[in-house]
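Q: The structure follows.
The values are calculated or read from the model by the stated rules, or taken from the named source; none is laboratory data. The structure displayed is predicted, hence computed values, not measured ones. Using ideal geometry, Cβ is built from the backbone for each residue, glycine included, and neighbour counts are taken over all protein chains shown.
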Amino acid sequence: MNAKGVLLLFLPFLLLGCNSLHELELEAREHDSLKARMQRLGEPLEEDQLFFVPETGAGAFPFEKGDVLLLRYTLYALVSGRELALESNESSVIEEQKLHPSATQYPLQTYVVGKDEWIKGINRGLLLFGSRYSKGWIGIPSKLGYGTSPFGRIPSNTSLLFHFEIVSKQ
């Protein structure tokens, strides 16, 4: 086999390697950007590729797998260096951010601990609260969010920022 044949044989592998390096670079940039944003909220704890900033004064709220929690939440997407408020069930946030209220936004959100019914980042992030905190922020990289697939107003490869408050347990 001549040099041209060898090059054609290995070219796909070379391109895959370059693509992987590019993806790693993008992932590192996203990580640094998300970490910087979380640092503006407080001292972030980093665990399992997620960031968590508990709110001071938010006491413990013990829960375990199978418990049904009632939550207040606000979802932000980090788009082009800006936070874009997308959804909330807190009326003050809805008014302040000029979100379109819907019937599903005002009630408290139910969440069954350990039941993977939401994106990976939320499921893992809420477990970070554990029995330690009842209120805080979770920073979710795109690969634990919606990844390369756009979802509603969330573009592909977008980091998410959630503010959660555990209100009660049913």
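Q: Residues of the range 152-170 being under 22 Å from E90 (Cα atoms) and either of a type in the set (D, E, K, R) or surrounded by 14 or more Cβ atoms within 10 Å (Cβ to Cβ) (or both), which ones? Lay out the reasoning, then the answer.
A: We begin by selecting, within the range 152-170, every residue under 22 Å from E90 (Cα atoms); these are 152-154, 159-170.
Once the filter is applied, which keeps residues that are under 22 Å from E90 (Cα atoms) and either of a type in the set (D, E, K, R) or surrounded by 14 or more Cβ atoms within 10 Å (Cβ to Cβ) (or both), the range 152-170 yields R153, I154, S159, L160, L161, F162, H163, F164, E165, I166, V167, K169.
Q: Limited to the range 97-112, what total is found for residues that are surrounded by 12 or more Cβ atoms within 10 Å (Cβ to Cβ) and either under 18 Å from I140 (Cα atoms) or at pLDDT below 75 (or both)? Lay out the reasoning, then the answer.
A: Taking the range 97-112 as the starting set, the residues that turn out to be surrounded by 12 or more Cβ atoms within 10 Å (Cβ to Cβ) are 97, 99, 101, 105-106, 108-109, 111-112.
Now restrict to residues that are either under 18 Å from I140 (Cα atoms) or at pLDDT below 75 (or both): 97, 99, 101, 105-106, 111.
Residues in the range 97-112 being surrounded by 12 or more Cβ atoms within 10 Å (Cβ to Cβ) and either under 18 Å from I140 (Cα atoms) or at pLDDT below 75 (or both): 6 in total.
Q: Within 16 Å of Y76 (Cβ to Cβ), part of a loop (DSSP other than H, G, I, E, B) and touching a Ser or Thr at 6+ places or on another chain (Cβ under 8 Å) - does that describe any residue in the range 137-145?
A: We begin by selecting, within the range 137-145, every residue within 16 Å of Y76 (Cβ to Cβ); these are 137-142, 144-145.
Checking which are part of a loop (DSSP other than H, G, I, E, B) leaves us with 141, 145.
Applying the additional criterion that residues be touching a Ser or Thr at 6+ places or on another chain (Cβ under 8 Å) yields 141, 145.
Scanning the range 137-145, I find at least one residue that is within 16 Å of Y76 (Cβ to Cβ), part of a loop (DSSP other than H, G, I, E, B) and touching a Ser or Thr at 6+ places or on another chain (Cβ under 8 Å), so the answer is yes.
Q: Taking interchain pairs and intrachain pairs at least six residues apart, which have beta carbon atoms under 9 angstrom, with the first residue in the range 141-154 and free of Cβ contacts under 8 Å to residues at least 24 places away in the same chain and within 22 Å of D32 (Cα to Cα) and the second surrounded by fewer than 16 Cβ atoms within 10 Å (Cβ to Cβ) and of a type outside the set (F, W, Y)?
A: Listed by first residue and then by second, the contacts come to G147/S156; T148/S156; S149/S156; P150/S156.
Q: Within the range 54-67, does at least one residue satisfy the condition of being part of a helix (DSSP H, G or I), at pLDDT below 80 and of a type outside the set (V, I, T)?
A: Going residue by residue through the range 54-67, those that are part of a helix (DSSP H, G or I) are none.
No, every residue in the range 54-67 fails to be part of a helix (DSSP H, G or I), at pLDDT below 80 and of a type outside the set (V, I, T).
Q: Go through the range 81-95 residue by residue and tally those that are within 23 Å of A36 (Cα to Cα) and out of contact with any Leu (no Cβ under 9 Å at 6 or more places or on another chain).
A: So the answer is 2.
Q: Taking the stated definitions as given, is L70 modelled with pLDDT of 75 or more, out of contact with any helix residue (DSSP H, G or I) (no Cβ under 9 Å at 6 or more places or on another chain) and in a strand (DSSP E or B)?
A: Values: modelled with pLDDT of 75 or more: yes; out of contact with any helix residue (DSSP H, G or I) (no Cβ under 9 Å at 6 or more places or on another chain): yes; in a strand (DSSP E or B): yes.
Spelling it out, L70 is indeed modelled with pLDDT of 75 or more, out of contact with any helix residue (DSSP H, G or I) (no Cβ under 9 Å at 6 or more places or on another chain) and in a strand (DSSP E or B).
Q: Next question. Let me confirm something: among G121, G125, which residue is under 16 Å from P62 (Cα atoms), modelled with pLDDT under 90, part of a helix (DSSP H, G or I) and under 17 Å from the mean Cα position of the chain (by Cα)? Quick ask: steps written out before the conclusion?
A: Values: G121 fails: under 16 Å from P62 (Cα atoms).
Of G121, G125, the one residue that is under 16 Å from P62 (Cα atoms), modelled with pLDDT under 90, part of a helix (DSSP H, G or I) and under 17 Å from the mean Cα position of the chain (by Cα) is G125.
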